[in-house]
Every structure is written in C-alpha cells, then in structure tokens.
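Below is one structure, written out as structure tokens, with a few remarks after it.
The values are calculated or read from the model by the stated rules, or taken from the named source; none is laboratory data. What you are looking at is a predicted structure, and each value in this text was computed from that prediction instead of being measured. Cβ placement follows ideal geometry from the backbone for every residue including glycine, while neighbour counts extend to all protein chains displayed. Each accessible area value is taken on the protein alone, full model and side chains, heavy atoms only, with ligands, DNA and RNA left out. Shrake-Rupley method; radii C 1.70, N 1.55, O 1.52, S 1.80 Å.
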Amino acid sequence: LYQYLFLTVKLDAHLREIDHAANEMFAQLTKQMTAAAGVTEALKAAGRMEWVRRTNSIRSRVREIVNSKLIYN
C-alpha cells in the first residue's frame with residue numbers, strides 16, 4: 001500500500017486523511033470518556049491533581065485506542 005500510494009503521489013493526501021480522522025476520533029473519545037468518568041470542572045476546582053491524573057489516564061487510553069484502530073491497522 002505504501003509503495004502504491006508513494007508511486008501514485010497519493011501518499012500525502014492519504015496521510016492527511018488518516019491524521020484528520022485520528023484527531024477527530026481522539027477528540028470525540030476523550031469527550032465521551034471524560035463525561036463517563038465524571039471528570040468535570042467541579043473536580044478540577046476541588047482537586048486539581050486528581051483531575052490531572054484522571055485526564056492524563058483518559059488521554060493515554062484514548063491514544064492507545066486511536067493508534068490500534070487507525071494508525072497501526
């Protein structure tokens with residue numbers, strides 16, 4: 001696939017499409033998982049470090065999902 005896309009000068013367009021899809025998926029999943037986990041602005045105000053820990057955990061899990069579904073597939 002790589003050689004075909006490279007030789008037909010479609011590689012850049014394909015990579016932009018994958019990047020766009022990955023960014024959209026990342027944003028959507030992060031929003032959904034944040035809401036499901038109860039990571040809110042109230043938590044941020046009450047316990048900043050707990051909010052950071054939970055947010056980083058969610059972002060890490062979402063990154064793994066996006067990578068496995070779009071990047072490494």
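Using a simple spin-label model with points 7 Å from Cα along the Cα→Cβ vector, what separation in nm is obtained for S57 and T34?
1.7 nm
Accessible area per residue for the chain in Å², computed with a 1.4 Å probe and the full protein assembly in place, what is it? Mind dumping the intermediate values first?
On the way: 5780 Å² over 73 residues.
Value returned for the chain: 79 Å² of accessible area per residue.
How high is the relative contact order of the chain? Use alpha-carbon pairs under 8 Å, at least six apart in sequence, and give a whole percent.
Taking the mean separation of contacting Cα pairs over the length of the chain, I get 33 percent.
What value, in deg cm²/dmol to 500, does the helix sum -39500 (n - 2.57) over DSSP H runs of n ≥ 4 give at 222 nm once divided by the residues of the chain?
Values: 4 runs with 58 residues, N = 73.
That calculation yields -26000 deg cm²/dmol at 222 nm.
Which percent of the accessible area of the chain is formed by carbon and sulfur heavy atoms (probe 1.4 angstrom)? If you can, show how the numbers build up before the last one.
Working: 3310 of 5780 Å².
Answer for the chain: carbon and sulfur cover 57 percent of the accessible area.
Distances longer than 20 Å among the Cα atoms of the chain: what percent of all pairs is that? Walk me through the numbers before you get to the answer.
Values: 1193 of 2628 pairs.
The calculated P(r) of the chain puts 45 percent of pairs beyond 20 Å.
To the nearest 20 debye, what charge dipole does the range 3-73 have about its Cα centre, counting +1 at the Cβ of each Lys and Arg and -1 at the Cβ of each Asp and Glu? Working shown, then result.
Values: 11 positive and 7 negative charges, 58 e Å.
Dipole of the range 3-73, to the nearest 20 debye: 280 debye.
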